[in-house]
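Have a look at the structure below before the remarks.
The values are calculated or read from the model by the stated rules, or taken from the named source; none is laboratory data. Here the structure is a predicted model, which means the values were calculated and not measured. Please note: Cβ atoms are built from the backbone with ideal geometry, for glycine as well, and neighbour counts cover all protein chains shown.
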Amino acid sequence: MVINPISQADCQEARDVILSGFRERFGFIDYSLNPDIYNIIEEYKGGAHHFFVGMKNERIVSTGAIRKEKDATYQIVRMSVLKEYRQQGLGRAMLLHLENEAVKLGARRLILETNKKWEDAIQFYKNYGFTYMEEDEVSCYFEKEIPL
């Protein structure tokens, strides 16, 4: 898989990857939620926020983004891999790419959230060094400190 910053031409296909994950996980899509995916280029212009696509055979098969939260803290968001491409190390490759990009930008702490019913996603993040912080009615929150 080749990982690149998103281009305008990639936006619809990237949005479709994310929405297919929502459809798979929830059985439906509430289009009023997640407004950032409807204008990805504007929301993730670079500087503080960056969006990436993973390409395999000229197809977007994964997505991921980082958002600067404060000081040296970045949030990992929009991690998604098309169902038929899972279990091939593509999620790991995207996560490591996002971590590396955040570190280049000065990150010393990474945070993320995932749905607390998604046991596979929870275990995935734990496997890559993220520590459980807390949860609410819907989500689990994780962090990872980056050593100097």
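Being outside any loop (DSSP other than H, G, I, E, B) and surrounded by fewer than 14 Cβ atoms within 10 Å (Cβ to Cβ) is the filter here, so list the residues in the stretch 116-134 that pass it. Answer for the stretch 116-134, where residues must be outside any loop (DSSP other than H, G, I, E, B) and surrounded by fewer than 14 Cβ atoms within 10 Å (Cβ to Cβ): Glu119, Asp120, Gln123, Lys126, Asn127, Thr131, Tyr132, Met133, Glu134. Scanning the stretch 79-114 for residues that are in contact with a helix residue (DSSP H, G or I) (Cβ under 7 Å, 6 or more places away or on another chain) and within 16 Å of Glu143 (Cα to Cα) yields Met79, Leu110, Leu112, Thr114.
Taking residues in the stretch 41-59 that are on the phi < 0 side of the Ramachandran plot and surrounded by 15 or more Cβ atoms within 10 Å (Cβ to Cβ), and partners anywhere that are of a type in the set (D, E, K, R) and assigned to a strand (DSSP E or B), the pairs with Cβ atoms closer than 8 Å and at least 6 places apart or on different chains are Tyr44/Arg67; His49/Arg67; His49/Lys68; Phe51/Arg78.
Number of residues in the stretch 1-15 that are in a strand (DSSP E or B) and either in contact with a helix residue (DSSP H, G or I) (Cβ under 7 Å, 6 or more places away or on another chain) or among the basic types (Lys, Arg) (or both) equals 1.
Does Ile18 fit the bill of being part of a helix (DSSP H, G or I) and touching a helix residue (DSSP H, G or I) at 6+ places or on another chain (Cβ under 6 Å)? It is true that Ile18 is part of a helix (DSSP H, G or I) and touching a helix residue (DSSP H, G or I) at 6+ places or on another chain (Cβ under 6 Å).
Among the residues making up the stretch 85-114, a single one is over 20 Å from Tyr44 (Cα atoms), loosely packed, with under 14 Cβ neighbours inside 10 Å and among the polar types (S, T, N, Q): Gln87. Within the stretch 64-116, the set of residues being more than 20 Å from Asn4 (Cβ to Cβ), among the hydroxyl-bearing types (Ser, Thr, Tyr) and out of contact with any Cys (no Cβ under 7 Å at 6 or more places or on another chain) comprises Thr73 only. Farther than 15 Å from Arg67 by Cα, part of a helix (DSSP H, G or I) and touching a residue at least 60 places away in the same chain (Cβ under 8 Å): does that describe Ala93? Here the answer is yes, as Ala93 does meet what is asked. Scanning the stretch 21-48 for residues that are outside any helix (DSSP H, G or I) and touching a helix residue (DSSP H, G or I) at 6+ places or on another chain (Cβ under 7 Å) yields one hit, Ile29. State whether the residues of the stretch 83-91 include one that is within 18 Å of Tyr125 (Cβ to Cβ) and hydroxyl-bearing (Ser, Thr, Tyr). Among the residues of the stretch 83-91, not one is within 18 Å of Tyr125 (Cβ to Cβ) and hydroxyl-bearing (Ser, Thr, Tyr), which makes the answer no. Taking (1) exposed (fewer than 12 other Cβ atoms within 10 Å of the Cβ); (2) at pLDDT below 90 in turn, Gln12 satisfies each apart from (2). Scanning the stretch 60-84 for residues being surrounded by fewer than 19 Cβ atoms within 10 Å (Cβ to Cβ) and not in a strand (DSSP E or B) gives a total of 4.
Here Gln75 meets each of (1) polar (S, T, N, Q); (2) touching a residue at least 40 places away in the same chain (Cβ under 8 Å); (3) under 18 Å from Phe142 (Cβ atoms) with one exception, condition (2).
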